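Remarks on the structure that follows.
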Amino acid sequence: MSLAWAHMKYSERTLLVAYLHHGILLWDAIKVKMAHFVYIKTLVGSMSVSRDGNVLVVSNITSGFDIYHLNDSSLDGSMLQPSNGMLVPVAFIHGGQAILGSSTCRKVQIWDSMDRSLLGTLMHDTKDVVLSIAVEPMSKAGKIGSLSLLECVLWRDEESMFNYGMLSRLKMLQAVGFGIKLRFFQDCFELVKAMDEEQKEMLWALEADEVVLQEKLDMFGQHKLDYIEKCAEIAVEVIANDIQNMLQLANGMASASST
């Protein structure tokens, strides 16, 4: 589910409520009643409304992002961006002139909201899902923050509109303790085991000609399991590097004390 406020023809204070399966409800917060309903054929993972309240962009969880006209609920076009069933965020930026969307393949991309042409790509170092994005609306420099599982990056428009460069980068697993990293790896391992059991049960059900909901197939599909296993591999690599660094530090201290 996703929420957004907008100034629209239905009401000066319209609350948009996006449901994963059912579409988007427009609620008049002044008259306290439903003003409109937008039927969306795809799933809705996240959404963003243009500043004038006329256009809506939706993350469809599978192939990328779709643009709709709110006055007649018509589909204007799409931008392809891998989501693999994950709830990746999307947002209008630069006063609605562009659209910012994250992905499951380490990159955040910027499109022109009118012709949907690609304007720029912001790449994360780590090969995981970009979980969250944020825009500083009052910033003249056009600052953007993007957060993945293992790092948080701040981007700034350096020369002209949409020409973003990296301002700073914080490696998330370097900012927390070794014990937390180890616990993260353990959680990934337990989650992989649980999903593996769910997959076995679904296979038994399919072999017995039982009905399995598409939602459950998507939730426990192989791409989800592969993603969690990849996260665990990254965590193991980070922990191994930490151990190596600690050993080097210990050896350095031992050498210093002996001299």
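If only one of Gly77, Gly120 is in contact (Cβ under 8 Å) with a residue 24 or more places away in the chain, assigned to a strand (DSSP E or B), closer than 24 Å to Thr14 by Cβ and out of contact with any Ser or Thr (no Cβ under 8 Å at 6 or more places or on another chain), which one is it?
Answer to the selection: Gly77.
Please determine whether any residue of the range 80-95 is over 23 Å from Leu154 (Cβ atoms) and in contact with a strand residue (DSSP E or B) (Cβ under 6 Å, 6 or more places away or on another chain). Within the range 80-95, one or more residues are over 23 Å from Leu154 (Cβ atoms) and in contact with a strand residue (DSSP E or B) (Cβ under 6 Å, 6 or more places away or on another chain). Taken over the range 65-90, the criterion of being buried (at least 20 other Cβ atoms within 10 Å of the Cβ) and either within 17 Å of the chain's Cα centre (by Cα) or at pLDDT below 90 (or both) is satisfied by Phe65, Asp66, Leu70, Met79, Gln81, Ser83, Val88, Pro89, Val90. If a residue has to be aliphatic (A, V, I, L, M), outside any strand (DSSP E or B) and open to solvent by 40 Å² or more (accessible area, probe 1.4 Å) to count, how many in the range 1-42 make the cut? Within the range 1-42, residues that are aliphatic (A, V, I, L, M), outside any strand (DSSP E or B) and open to solvent by 40 Å² or more (accessible area, probe 1.4 Å) number 4.
The values are calculated or read from the model by the stated rules, or taken from the named source; none is laboratory data. Fair warning: this is a prediction, and the values are worked out from it, not measured in the lab. Glycine gets a Cβ as well: all are built from the backbone with ideal geometry, and neighbour counts include every protein chain shown. We work out accessible area using only protein heavy atoms, side chains counted, and drop any ligands, DNA or RNA first. Shrake-Rupley method; radii C 1.70, N 1.55, O 1.52, S 1.80 Å.
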